[in-house]
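First comes the structure, then the notes that go with it.
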Amino acid sequence: MTERRLLLLNGPNLNLLGTRQPEIYGSTTLAQIEDAATDLADSLGFQVRAVQSNHEGELIDAIHTAKSDCVGIVINPAAFTHTSVAIADALTAVELPVVEVHLSNIHKREEFRHHSFVSPVAEVVVAGAGPLGYELAVRYLADRLGGNEPA
Ligand code: DQA
């Protein structure tokens with residue numbers, strides 16, 4: 001059986017997870033998050049392509065590429081959440097199910113983090129669950145898309 005693929009997309013500064021404001025974002029590194037998501041997806045019958053970029057255009061290119069070879073997108077757009085019509089437009093254009101993840105609860109934080117351009121395009125938004133949010137996102141998409149039961 002050809003395994004279906006999920007795009008796991010992380011935006012700017014998330015490469016610094018582990019050392020970046022651990023009181024807000026915790027001590028888990030991005031590599032650990034990507035490995036955990038990959039292992040979980042594998043147990044549910046999906047592959048993962050993990051991409052992190054600090055550049056808006058690269059994130060958009062990754063979303064465009066996903067149209068032809070992925071079945072769903074988990075995205076933490078980081079600061080672009082609050083600024084990027086272009087990322088929201090790209091997610092709309094590819095017509096894949098999207099789960100938006102934030103490690104922190106953006107609604108408990110500064111006012112400028114309360115608005116997300118991505119949320120209206122997402123089927124599900126998870127905010128404030130820390131790294132578990134990525135796991136919830138993978139489980140949601142596997143269930144939504146019809147994956148295998150976990151072993
Ligand atoms: C974030 C929240 C954003 O407001 C912030 O700019 C980030 C990370 C989160 O995961 O909590 O970089 O998306």
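Of all residues in segment 32-60, how many are of a type outside the set (A, V, I, L, M, F, W, C), under 20 Å from Ala86 (Cα atoms) and open to solvent by less than 60 Å² (accessible area, probe 1.4 Å)? Walk me through it before giving the result.
Kept after step one, since they are of a type outside the set (A, V, I, L, M, F, W, C), are these residues of segment 32-60: 32, 34-35, 38-39, 42-43, 45, 47, 49, 52-58.
Imposing the further condition that a residue be under 20 Å from Ala86 (Cα atoms) reduces the set to 52-58.
Narrowing the set further to residues that are open to solvent by less than 60 Å² (accessible area, probe 1.4 Å) leaves 52-53, 57.
Residues in segment 32-60 being of a type outside the set (A, V, I, L, M, F, W, C), under 20 Å from Ala86 (Cα atoms) and open to solvent by less than 60 Å² (accessible area, probe 1.4 Å): 3 in total.
Out of segment 87-139, which residues are more than 12 Å from the chain's Cα centre (by Cα) and aromatic (Phe, Trp, Tyr)? Residues satisfying the conditions are Phe112, Phe117.
Answer yes or no: is there a residue in segment 121-142 that is over 25 Å from Ala31 (Cβ atoms), touching a Ser or Thr at 6+ places or on another chain (Cβ under 9 Å) and not hydroxyl-bearing (Ser, Thr, Tyr). Scanning segment 121-142, I find at least one residue that is over 25 Å from Ala31 (Cβ atoms), touching a Ser or Thr at 6+ places or on another chain (Cβ under 9 Å) and not hydroxyl-bearing (Ser, Thr, Tyr), so the answer is yes.
Remark: pairs (first residue in segment 36-57, closer than 17 Å to Leu17 by Cβ and without any contact (Cβ under 8 Å) to a residue 60 or more places away in the chain; second residue assigned to a loop (DSSP other than H, G, I, E, B) and not hydrophobic (A, V, I, L, M, F, W, C); Cβ separation under 6 Å; 6+ apart in sequence or on different chains) = Asn54/Pro12. When restricted to residues that are open to solvent by less than 40 Å² (accessible area, probe 1.4 Å) and either among the small types (Gly, Ala, Ser) or within 14 Å of the ligand (Cβ to nearest atom) (or both), segment 84-105 contains 10. With respect to the stated conditions, Ser119 is at negative phi, surrounded by fewer than 19 Cβ atoms within 10 Å (Cβ to Cβ) and touching an Asp or Glu at 6+ places or on another chain (Cβ under 7 Å).
Taking only segment 10-32 into account, find how many residues are of a type in the set (A, V, I, L, M), within 14 Å of the chain's Cα centre (by Cα) and within 12 Å of the ligand (Cβ to nearest atom). Reasoning before the result, please.
So the first thing to find is which residues in segment 10-32 are of a type in the set (A, V, I, L, M), and the list is 14, 16-17, 24, 30-31.
From the residues that got through so far, the ones that are within 14 Å of the chain's Cα centre (by Cα) too are 14, 30-31.
Filter again for within 12 Å of the ligand (Cβ to nearest atom), leaving 14, 30.
Selection size over segment 10-32: 2.
Taking Lys108, is it surrounded by fewer than 14 Cβ atoms within 10 Å (Cβ to Cβ) and modelled with pLDDT of 95 or more? Spelling it out, Lys108 is indeed surrounded by fewer than 14 Cβ atoms within 10 Å (Cβ to Cβ) and modelled with pLDDT of 95 or more. For segment 61-83, filtered to residues that are surrounded by fewer than 20 Cβ atoms within 10 Å (Cβ to Cβ) and of a type in the set (Ser, Thr, Tyr), the residue that is farthest from the ligand (Cβ to nearest atom) is Ser68.
The values are calculated or read from the model by the stated rules, or taken from the named source; none is laboratory data. Worth saying up front: this structure is predicted, and the values here are computed from it rather than measured. Counting neighbours? That spans all protein chains shown, and the Cβs are built from the backbone with ideal geometry, glycine included. Surface accessibility is based on the protein's heavy atoms, side chains included, excluding ligands, DNA and RNA. Shrake-Rupley method; radii C 1.70, N 1.55, O 1.52, S 1.80 Å.
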